[in-house]
Amino acid sequence: MIAAVWLGRAVARPFRRRVQLLDAWVKCVGFLVPAIVWRQAALSQAFQEASITYPILGPQLRTVVKLLATRAVDISQAFAQSLAEESALRPREREVLTDMAAKLGSSAPDYQKEMLRTTEMLLKELASEARKEDLKQARLLESLISLSGVALVILLL
Amino acid sequence: MEPWLYLPPSPWRNAITELDPGVLRKLEEIRFRVDVPVMLYTDSSWMPLCHQGVPVISGADDIRRILSILVDHSLYARMEELRQGYITLPGGHRVGVAGRAVWQNGRIVTQTEITGLNIRYAHDISGIAAPLIERLRKWGVQGNSWLIAAPPRAGKTTLLRDLVRWFSHDGWRVVVVDERSEIAGANAEHRGFDLGYHADVLQGWSKPEGIITAIRTLGPDLIVVDELGGDEDLAALLQARHAGVEVIGTLHVRDATADLNPRLQRLWESQLFDAVVFLGRNPGPGLVTTMWSSRGLGIPVKKA
């Protein structure tokens, strides 16, 4: 029974991860606003700090920082490459993030703020949809597998 | 810190690595201009940058990309510099930016349609200040407030940096008001040039505000500023002098004729400085051509 519950949770993990990632991106974009607009920290530095504050995004943000340090790619390419490593996000969610990356750093602080706030709103909407949709699916999947496990145990008895 | 020549991204970086080491040592500037070959300049000659024997040409997109990479993809942090037509890189190297000015409310707010970049090497030469200081003292210049006047690319900032180092090593509390981040060449990750243990750097401050802040909060013996300009700079320097602080500054001038340069004349008449040192470019940057002392002495200099 324990194994069945564990399996159910394991199968449902990617669904939960998508919601967790989107929530973290919402917070991360909010974090970038003061870093860029007030402190005017360089993007690499802002990403480095965000990777510590939001550990779930750490691997992706560190990849972006590493790619930017090579001076061989632009920021949207670096973002696209780092997001490719994350399978939990859907195409629309990647699109919002790469759109943000394409505009990141290339204008005055006020425009950056406006752009980041718009992205934050879009991500909030996507996170809210994902929460409703995926948590339902995740719970369903988790319950089904757990129940199957219980049924199997009863049958074996 | 990365050598200045390797700051541009590939393929320009690859082309630079192909250069003869003798040429690399003499390089002073790399100039990117839209749709023409990238040019390399030494103090006395120029040549196109070639990759496998073919001149490298940069288009408008290339120049945008180079600029974005040079500023770590963070143009928002460089708006004020860009507005003034330059970007300073780690190590104090300056990038001149040529583009179309964007005006808002009668003021240039930024540049767009960038058509040219000029990456200029910031020299750091130790030991050039000591003979100058010795000579000034030998000829009876009292006080340590000096003006270094020279045309562009004559070595003003290099001399100024070494003067900071000399005074700092001598135990003076020096404050450098480094409006363009060229003197110290510092950034968040690097301390920049060696300025000794007794130098503080106010980076990115305007000269008047930096000078006043230095007097109020940092208790300097000496304030150093680069490229003096308007009346506000002069007023702030006077305030420093009245507070008993020595000042060293630089000024762009064509030659040592005060009559032809109202700014130089105004600075000289203000009695702010105890001496004026003129630098020339021929036969090489950093040559002292003329010196004035406030005691009316024309200090002899070795002629080239």
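Peptide B:77-84 is shielded by partner chain Cβ atoms: per residue, an average of 3 of them sit within 10 Å of its Cβ.
Residues in chain B average 47 Å² of solvent-accessible surface per residue, probe 1.4 Å, ligands and nucleic acids excluded. Between the beta carbons of B:ARG33 and B:LEU238, assuming R0 = 41 Å, the FRET efficiency works out to 0.45 to the nearest 0.05. Available extension along the chain between B:ARG153 and B:GLU134 is 4.4 nm, counting 0.36 nm per residue and deducting the alpha carbon span.
Peptides B:20-31, A:43-54, ordered by how many other C-beta atoms sit within 10 Å of their residues on average, highest first, read A:43-54, B:20-31. Chain pair B, A: how much accessible area is buried, both chains summed, with a 1.4 Å probe, in Å² to 100? Approximately 1300 Å², summed over both chains. Counting only protein heavy atoms and a probe of 1.4 Å, the accessible surface of the protein assembly as shown is 55% carbon and sulfur.
Relative to the longest principal axis of the Cα atoms of chain B, the long axis of helix B:129-138 lies at roughly 20 degrees.
Relative to the dominant Cα principal axis of chain B, helix B:156-169 is inclined by about 60°. Listed cross-link partners B:LYS26/B:LYS138; A:LYS27/A:LYS103; B:LYS26/B:LYS156 are compared with a 29 Å cut-off, the Cα-Cα value being larger for B:LYS26/B:LYS138. Each Cα pair under 8 Å and six or more residues apart adds its separation to the average, and for chain A the resulting relative contact order is 42 percent. With the convex hull of the Cα atoms taken as the outline of the stretch A:15-157, the averaged projected area works out to 9.8 nm². When exposed loop sites are taken as chymotrypsin sites (Phe, Trp or Tyr not before Pro) in a DSSP loop with at most 16 other Cβ atoms within 10 Å, the longest stretch of chain B clear of them is B:1-138.
Neighbours of B:MET39 by Cβ distance under 9 Å: Lys/Arg scored +1, Asp/Glu scored -1, total +1. Inter-chain neighbour count for A:97-105: the average number of beta-carbon atoms from partner chains within 10 Å of each residue's beta-carbon is 1.
The values are calculated or read from the model by the stated rules, or taken from the named source; none is laboratory data. These numbers were taken from a predicted model, which means no experiment stands behind them. Neighbour counts run over all protein chains shown; Cβ positions are idealised from the backbone, glycine included. Note: areas computed on protein heavy atoms with side chains; ligands, DNA, RNA excluded. Shrake-Rupley method; radii C 1.70, N 1.55, O 1.52, S 1.80 Å.
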